[in-house]
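The values are calculated or read from the model by the stated rules, or taken from the named source; none is laboratory data. Just so it is clear, the model here is predicted, and its values are computed rather than measured. Cβ atoms come from the backbone with ideal geometry, glycine included; neighbour counts cover every protein chain shown. Keep in mind that these areas ignore ligands, DNA and RNA; they rest on the heavy atoms of the full protein, side chains included. Shrake-Rupley method; radii C 1.70, N 1.55, O 1.52, S 1.80 Å.
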Amino acid sequence: MPPKATLARLTAVFFRIGNTIFGGGDPMMAAFQRELIDRQGWLTQEDYAVAYALARITPGTNVLAFCAAVAWRILGVLGSVAAVIAVTLPSAALAVLFTVGYEAWRKNALVTAAIGGTAAAVAGMMFSTVWLLVRPQLTSILRVSVFFGGAFLATWKFGVTPIPVIAIAAVAGFLWKE
Amino acid sequence: MNVFILYLLLLKATMTSFSGLASLPMVRDDLVVHHRVLTDRQLNTAVVAGRTGPGPNGLYLVSVGYFVDGLPGAIAGLMAVMTPAFLILPLMYWLGRRAETPRVKSAIRAVILSSAGLLLTASLPLARDAITGPLTAVIVAVSAIILSFTKLDSAWLMLGAAAVGLVAKLV
């Protein structure tokens, strides 16, 4: 029988998964599904599905909202806070260390060459993120043209700042039902 | 820049985006274009630093905060990443399955599409900064294709790109 959820156990699970899984939110959420439902039995498939859906519409980083939600379901607000801190704090410390490292070695020609390669890969990754955001909605070319094309033109050509673009898209999307 | 202002600017970026890197256009607009406390090169490095380690993609904001104001800035970045996550608690409590209503879904999908448009706008200057010759241009194109059409972990791609850059320098 799996162990009962305690704050220490919950924090340990979120610490382990949050700081060992590479690749961002989706692989992490898949790992949490296996751990929290299948292995620990702390969460139902239904709770997982609701948390997953609501995390998609919560501003910010989806996987953190997901962690806050499922930990809240398991151990309330304290569990939620502990889970978010356990998932972010060690990885954030690593991000600072990597930043310091990159900056310290920036003048070294070999390191500069390596960083130049990764910077180019990041640019490619951003273009692929654009594609991955647009691709699921290609069933409606008109909506893609209006919302994606409109946002790009408004910001690139006319210098409109992001907030009004997002606000207009939200209202228009609500009124123009798919 | 005052660290609280930095926190508010980064929070504005996270509160108006729906995935890790989608906050990037707002960050660039505020910190690179308007306040000029960050350069495109630093922003690019921040994204690399955020992607090198494990954890959520949004952690590049910790690195952004570090560039702007050292350790206090990194903490401001971390707080800005964590804060919006707790908005889901009232949603879980009150909204439940109503989030699946067609109009709400339609609004969210429109916001996602416009975020993609904003991300494209933010990507172009970063790509211009990253492309320093034919090799980096090829890396941009190959990375975009690989990450668009395979499930490869981006951390491996970063590692591969670093190795290619290194080997090209040595040869």
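Summing Lys and Arg as +1 and Asp and Glu as -1 over all other residues whose Cβ lies under 14 Å from the Cβ of B:Leu38 gives a net charge of -3. Ligands, DNA and RNA left out, the accessible area of chain B computed with a 1.4 Å probe is 69% carbon and sulfur.
A 1.4 Å probe, protein heavy atoms only, puts the accessible area of A:Asp38 near 110 Å². Annotation for the range A:55-129: trypsin sites (Lys or Arg not before Pro) lying in DSSP loop with at most 14 further Cβ atoms inside 10 Å of their Cβ are A:Arg106, A:Lys107.
Chain pair B, A: how much accessible area is buried, both chains summed, with a 1.4 Å probe, in Å² to 100?
Details: alone 11340 and 12330 Å², together 15290 Å².
For B against A, buried area totals roughly 8400 Å².
Per-residue accessible area (protein heavy atoms, 1.4 Å probe) orders A:Phe15, A:Phe148 as A:Phe15, A:Phe148, starting from the largest.
About its Cα centre, the dipole of the protein assembly as shown is roughly 320 debye, where the only charges are +1 on Lys and Arg Cβ and -1 on Asp and Glu Cβ. Think of a 1.4 Å ball rolled over the protein heavy atoms: the protein assembly as shown then has 44 Å² of accessible area per residue.
List every DSSP H helix in chain A whose Cα atoms extend 30 Å or more along the helix's own long axis and whose mean Kyte-Doolittle hydropathy is at least 0.5. Before the final figure, lay out each step's value.
On the way: long enough: A:62-104 (43 Å, 1.72); A:109-134 (38 Å, 1.80).
Correct list, ordered by number: A:62-104, A:109-134.
Out of all Cα-Cα pairs in the range B:59-171, roughly what percent, to the nearest whole number, are more than 16 Å apart?
Values: 4886 of 6328 pairs.
Of all Cα-Cα distances in the range B:59-171, 77 percent exceed 16 Å.
Debye calculation, C-alpha points only, no solvent: report log10 I(q)/I(0) for the range B:131-171 at q = 0.18, 0.31 Å⁻¹, in the same order as the q values. Values, matching the q order: -0.50, -1.10.
Averaged over the residues of peptide A:34-46, the number of Cβ atoms from other protein chains lying within 10 Å of each residue's Cβ is 0. By a 1.4 Å probe calculation restricted to protein chains, B:Leu166 has an accessible surface near 60 Å², given to the nearest 10. Loop sites by DSSP among the trypsin sites (Lys or Arg not before Pro) of chain B, restricted to those with at most 13 other Cβ atoms within 10 angstrom, leave B:37-150 as the longest stretch without any of them. The trypsin sites (Lys or Arg not before Pro) of the range A:125-178 meeting both criteria, a DSSP state outside H, G, I, E and B (loop) and at most 16 other C-beta atoms within 10 angstrom of the site's C-beta, are A:Lys157, A:Lys177.
Going by the alpha-carbon gyration tensor, a ≥ b ≥ c the square roots of its eigenvalues, is chain A rounded (a/c under 1.5) or, if a/c is not under 1.5, prolate (a/b greater than b/c) versus oblate? The shape class here is oblate. When the alpha carbon coordinates of the range A:105-178 are projected onto the principal axes, the ranges are 54, 27, 18 Å, largest first.
So how strong a dipole does the range A:4-139 carry about its Cα centre when Lys and Arg Cβ are +1 and Asp and Glu Cβ are -1, to the nearest 20 debye? Don't jump to the answer; show the numbers that get you there.
Working: 10 positive and 6 negative charges, 34 e Å.
Using Cβ point charges on Lys, Arg, Asp and Glu, the range A:4-139 gives about 160 debye.
Quick one: compute a quarter of the convex hull surface over the Cα atoms of the protein assembly as shown and quote it in nm².
The Cα convex hull of the protein assembly as shown, projected and averaged over all directions, gives 17.4 nm².
Lys/Arg Cβ at +1, Asp/Glu Cβ at -1, dipole of chain A taken about the Cα centre: which of A:Ile17, A:Val171, A:Ala93 is farthest positive-ward? Of the candidates, A:Ala93 comes out farthest on the positive side.
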